[in-house]
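Trainee: I'd like to ask you about the structure that follows.
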Amino acid sequence: MTQQQQNSIFEDWLDRYRGMFFKVVRAYAFTLADQDDLFQEIAVQIWRSILSFRAESSAGTWVYRIALNTAMKWIRKERRHQDGQPYEHLEHLLTTKEAYTDDRLEWLYEEIARMNEADRAVTLLLLDGFSYKEMSDILGISESHIGVKIHRIKKHLITKSENYDYHGI
């Protein structure tokens, strides 16, 4: 494969799956700087993976698996380096927020961020409309286990939303 072909595939995947990348990034990185870093790391891993893509699954499944695995590895690495950052909680004072934010969506992403890595991945895949089979292929767990996880996640989110009325949920 020539570098031009690799560039073309990379640009196509980046365009087609940009929304998915941002969902993964937002679910795993909390500050804008971290989101930028994670997005770049995912893009690098996607670029590197093009040569090993054998089309045994769809490009979307392949890219999603890489994005999730990269995010999970990145978050583990970042946890080790976050000790001693006293001003991180003040970042919101230094950045401007968009004029309109949906409080329900913010609440949902906050809840997703509190989940363990596996549940977070399942939730993102579910929100993106992947089938149980596709989720199973991406995460390497059985379809029945996916179903159980989804049931528990929904139950958990419903319970949390019943106890949380600030955002009108």
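Trainee: Looking at (1) at pLDDT 85 or above; (2) part of a helix (DSSP H, G or I); (3) among the hydrophobic types (A, V, I, L, M, F, W, C); (4) under 23 Å from Y17 (Cβ atoms), can you tell me which one I141 breaks?
Mentor: The number of the failed condition is (2).
Trainee: Could you list all residues from region 120-146 that are under 11 Å from the mean Cα position of the chain (by Cα) and over 12 Å from Y64 (Cα atoms)?
Mentor: R120, T123, L127 - these are the residues of region 120-146 that are under 11 Å from the mean Cα position of the chain (by Cα) and over 12 Å from Y64 (Cα atoms).
Trainee: Let me ask something else about it. Check whether at least one residue in region 102-113 is small (G, A, S) and at pLDDT 80 or above, and report yes or no.
Mentor: Looking for residues that are small (G, A, S) and at pLDDT 80 or above, one finds at least one in region 102-113, hence yes.
Trainee: Could you tell me whether I75 is at pLDDT 90 or above and among the hydrophobic types (A, V, I, L, M, F, W, C)?
Mentor: For I75, the condition - at pLDDT 90 or above and among the hydrophobic types (A, V, I, L, M, F, W, C) - is not met.
Trainee: Here's a follow-up. Among the residues of region 120-155, how many are farther than 25 Å from A55 by Cβ, among the charged types (D, E, K, R) and exposed (fewer than 14 other Cβ atoms within 10 Å of the Cβ)?
Mentor: So the count comes out to 3.
Trainee: On the basis of being assigned to a helix (DSSP H, G or I), without any contact (Cβ under 8 Å) to a residue 40 or more places away in the chain and not hydrophobic (A, V, I, L, M, F, W, C), does D12 make the cut?
Mentor: Yes; evaluated as a whole, the condition is true for this residue.
Trainee: Filter region 7-54 down to the residues that are of a type in the set (D, E) and open to solvent by 40 Å² or more (accessible area, probe 1.4 Å), then identify the one that is nearest to L105 (Cα to Cα).
Mentor: D36
The values are calculated or read from the model by the stated rules, or taken from the named source; none is laboratory data. Since we're looking at a predicted model, the values are computed, not measured. With ideal geometry, Cβ positions are generated from the backbone for all residues, glycine too; neighbour counts draw on all protein chains shown. Heavy atoms of the whole protein, side chains included, go into the accessibility calculation; ligands, DNA and RNA do not. Shrake-Rupley method; radii C 1.70, N 1.55, O 1.52, S 1.80 Å.
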